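For reference, the structure discussed in these notes is given below.
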Amino acid sequence: MKQKSFFLLAMLLVAFAGNAQTGSDFDHNGDGAVDLSDVSILIDYILNPPGFANQTFTVKGVSFEMVAVDGGTFTMGATEEQGSEAYNSEKPTHPVTLSSYYIGKTEVTQELWEAVMGSNPSWFKDSDFQDPNFKDPKLPVEQVSWNDCQTFITKLNALTGKNFRLPTEAEWEFAARGGNKSKGYKYSGSNTIVDVAWYISNSNYASCPVATKAPNELGIYDMSGNVWEWCSDWFGNYSSESQTNPTGPKGASSRVFRGGGWYSDTRYCRVAYRGNNTPDYINSYLGLRLCLSEAQNNSDFDHNGDGAVDLSDVAILIDYILYPPGFANQTFTVKGVNFEMVAVDGGTFTMGATEEQGSAAENDEKPTHPVTLSSYYIGKTEVTQELWEAVMGSNPSRFKDSNFQDPNFQDPKLPVEQVSWNDCQTFITKLNALTGKSFRLPTEAEWEFAARGGNKSKGYIYSGSNTIVDVAWYNSNSNWATCPVATKAPNELGIYDMSGNVWEWCSDWYGNYSSESQTNPTGPKSGSYRVERFSLFGSWLGREPEPWQAEWLQRDGSFAIKNAVVSCLSGY
């Protein structure tokens, strides 16, 4: 971490659109406003569509049934009833919320596979494995790899016009547990395995016809025992964080399969047990079960006109609330003090040590990663001393005049400083009470997107220019003091001083970056430090960089919150 000033930061404020514009297409509860209550209605429609019920499909004379699984929230992994048999790969348990979906009432049978593919790869083709000339069409298909399953599903979808797929691991476990009707059984449908499963003690060392044991709470068969079932996910470690419609890691070497098989003992037939192997792996105990996400159409909710009502329509509705027609800068007045908020259109950008940041980029700016943000507002300037004093009734700043020479003259347009992150929260609470809005600190991602110029970015090193003197007050031109806001050139969005002048608090806890893409990230759940964002060495005290030190994106978490108010300069 580079040397830095012991002078503290001011902040930028962000406010989402406080009052959404009314639009009859989005006003689902008819109250004349478009707000979160309309989002709730739309989500409920997706999770519980009208007439959501089991469906039967027929392919070349072969029928199969898909069970409707109402969406809900459950605890995934090694829950209490799984007992001491649970493996580490089933931990930690974590809350998972799923949308409604369909899942196969049975494992895919040999007759369905053959109807679609024209051949049957299975090892077991008769119920007793004694007469090779007799085929039992109700035996589950096996000896199919994950890759084979994808080929089968592609052909099935072409024949039906549907979008069948493998279930996610979470969808599989929720259905196996009985969904919202779950009674908390160890196996799928019972605590007595022999009632619901064909496994090593009763299978005669062969697969058995589907649906010949008792079903689980949802009427689904053989989710414990008979054959293992491929899931769509790559295999990876669990996280304790809550998740919504998880799809597993982005990549790995093996795919998940679930449920146990005819050769498994009881431990592997539990609803929480996780198996895995490479996508080309085949075995006579490994098959599949189908899943289907088929949204119910209703033109009142189909906001993107694609014939389905799903999360893309929720995104459109939320974007309408955050980004109403006429989304533009807004000016607010508090006790006679005006301040402007700049409208930042949502978009996707690469966050972190991108190429133009050069060799000065530090490890905590890496790896770069794609970030998608919804629209928001951000302060046109840093919070000024006059705004802080109007809200708080006092001014904690060290510098109160432009030249730091006449203590009796106060320049109200200087940025406020010597304020801790906690002080900022107090200020924002009082500001919101005065305005009726929902101002807050920007997230680190929102700060960087705005600093880069948002969707109008020209890829500058600093915020608004590759020439620091044009846009920033720093060591070489600040006269060792803060300077009035908006006295240098703005960036592409018309925002001032996002390089130089004073450092600015963000809402996030400080933590390492991930290379995975993120949507509206808010940083780690906890930590020891909050993020500060700034230009090279942060502020009016930062020295001019050499060409290889173009580092306006430096991230620093060096100030502990409890030590955040510093009353004097030190170390220079």
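Condition check ((1) modelled with pLDDT under 90; (2) part of a helix (DSSP H, G or I); (3) closer than 13 Å to Glu448 by Cβ) across all residues:
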{"residue": "Ala353", "(1), (2), (3)": "yes, no, yes"}
{"residue": "Gln357", "(1), (2), (3)": "yes, yes, yes"}
{"residue": "Pro367", "(1), (2), (3)": "no, no, no"}
{"residue": "Pro370", "(1), (2), (3)": "no, no, yes"}
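Residue by residue through segment 151-178, note down the ones that are touching a residue at least 12 places away in the same chain (Cβ under 8 Å), open to solvent by 60 Å² or more (accessible area, probe 1.4 Å) and in a helix (DSSP H, G or I). Correct list: Thr151, Lys155, Leu159.
Only one of the numbered conditions (1) open to solvent by 20 Å² or more (accessible area, probe 1.4 Å); (2) outside any loop (DSSP other than H, G, I, E, B); (3) more than 23 Å from Arg274 (Cα to Cα); (4) not charged (D, E, K, R) is violated by Pro95, and that is (3). Counting only residues that are small (Gly, Ala, Ser) and assigned to a helix (DSSP H, G or I), which one in segment 423-458 is most open to solvent (accessible area, probe 1.4 Å)? For segment 423-458, the residue satisfying everything is Ala433. The number of residues in segment 179-198 that are surrounded by fewer than 23 Cβ atoms within 10 Å (Cβ to Cβ) and outside any helix (DSSP H, G or I) comes to 8. Scan segment 486-510 for residues that are of a type outside the set (Ser, Thr, Tyr), within 24 Å of Asn455 (Cβ to Cβ) and in a loop (DSSP other than H, G, I, E, B) and the total you get is 12.
Determine if segment 74-83 includes at least one residue that is assigned to a loop (DSSP other than H, G, I, E, B), within 36 Å of the chain's Cα centre (by Cα), of a type in the set (Ser, Thr, Tyr) and at pLDDT below 95. Checked segment 74-83: no residue is assigned to a loop (DSSP other than H, G, I, E, B), within 36 Å of the chain's Cα centre (by Cα), of a type in the set (Ser, Thr, Tyr) and at pLDDT below 95. Looking across Ser284, Ser374, one residue alone is open to solvent by 10 Å² or more (accessible area, probe 1.4 Å), modelled with pLDDT under 90 and of a type outside the set (D, E, K, R). It is Ser374.
Taken over segment 217-232, the criterion of being open to solvent by less than 10 Å² (accessible area, probe 1.4 Å) and either on the phi < 0 side of the Ramachandran plot or part of a strand (DSSP E or B) (or both) is satisfied by Ile220, Met223, Ser224, Val227, Glu229, Trp230, Cys231.
Restricting attention to segment 497-528, the residues that are surrounded by fewer than 23 Cβ atoms within 10 Å (Cβ to Cβ), closer than 28 Å to Asn466 by Cβ and out of contact with any helix residue (DSSP H, G or I) (no Cβ under 7 Å at 6 or more places or on another chain) add up to 5. Screening Asn491 on (1) under 16 Å from Pro415 (Cα atoms); (2) at pLDDT 90 or above shows it passes everything except condition (1). All told, Phe52 falls short of being crowded, with 16+ Cβ neighbours inside 10 Å, touching a residue at least 40 places away in the same chain (Cβ under 8 Å), aromatic (Phe, Trp, Tyr) and in a strand (DSSP E or B).
The conditions of being on the phi > 0 side of the Ramachandran plot and in contact with a Leu (Cβ under 8 Å, 6 or more places away or on another chain) are met by Lys335.
Do we have any residue at all in segment 200-214 that's in contact with a helix residue (DSSP H, G or I) (Cβ under 9 Å, 6 or more places away or on another chain), outside any helix (DSSP H, G or I) and closer than 24 Å to Asn88 by Cα? Scanning segment 200-214 turns up at least one residue that is in contact with a helix residue (DSSP H, G or I) (Cβ under 9 Å, 6 or more places away or on another chain), outside any helix (DSSP H, G or I) and closer than 24 Å to Asn88 by Cα.
Is it the case that Gly275 is open to solvent by 10 Å² or more (accessible area, probe 1.4 Å), more than 20 Å from Gln110 (Cα to Cα) and not aliphatic (A, V, I, L, M)? So Gly275 fails the test.
Based on what the data block shows, is Ile461 open to solvent by 10 Å² or more (accessible area, probe 1.4 Å), of a type in the set (A, V, I, L, M, F, W, C) and touching a residue at least 40 places away in the same chain (Cβ under 8 Å)? Here the answer is yes, as Ile461 does meet what is asked. Going through (1) more than 30 Å from Gly161 (Cβ to Cβ); (2) modelled with pLDDT of 90 or more; (3) not polar (S, T, N, Q) one by one, Cys291 falls short only on (1).
For residues in segment 242-255 being touching a Gly at 6+ places or on another chain (Cβ under 7 Å) and either assigned to a strand (DSSP E or B) or not hydrophobic (A, V, I, L, M, F, W, C) (or both), which is surrounded by the most Cβ atoms within 10 Å (Cβ to Cβ)? Here the answer is Gly248. Restricted to segment 470-486, and to residues there that are open to solvent by 10 Å² or more (accessible area, probe 1.4 Å) and free of Cβ contacts under 8 Å to residues at least 40 places away in the same chain, the residue that is farthest from Pro442 (Cα to Cα) is Asn477.
A quick yes/no check of all residues on (1) open to solvent by 30 Å² or more (accessible area, probe 1.4 Å); (2) closer than 30 Å to Ile428 by Cβ; (3) touching a Ser or Thr at 6+ places or on another chain (Cβ under 9 Å):
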{"residue": "Thr266", "(1), (2), (3)": "yes, no, yes"}
{"residue": "Leu311", "(1), (2), (3)": "yes, no, yes"}
{"residue": "Val314", "(1), (2), (3)": "no, yes, no"}
{"residue": "Asn329", "(1), (2), (3)": "yes, yes, no"}
{"residue": "Asn338", "(1), (2), (3)": "yes, yes, yes"}
{"residue": "Gly347", "(1), (2), (3)": "no, yes, yes"}
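The values are calculated or read from the model by the stated rules, or taken from the named source; none is laboratory data. Predicted model only: the values in this text are computed from it and were never measured. Neighbour counts are summed over all protein chains in view; Cβ atoms, including those assigned to glycine, are modelled from backbone coordinates with ideal geometry. These area figures cover heavy atoms from the full protein model, side chains too; ligands, DNA and RNA do not enter into them. Shrake-Rupley method; radii C 1.70, N 1.55, O 1.52, S 1.80 Å.
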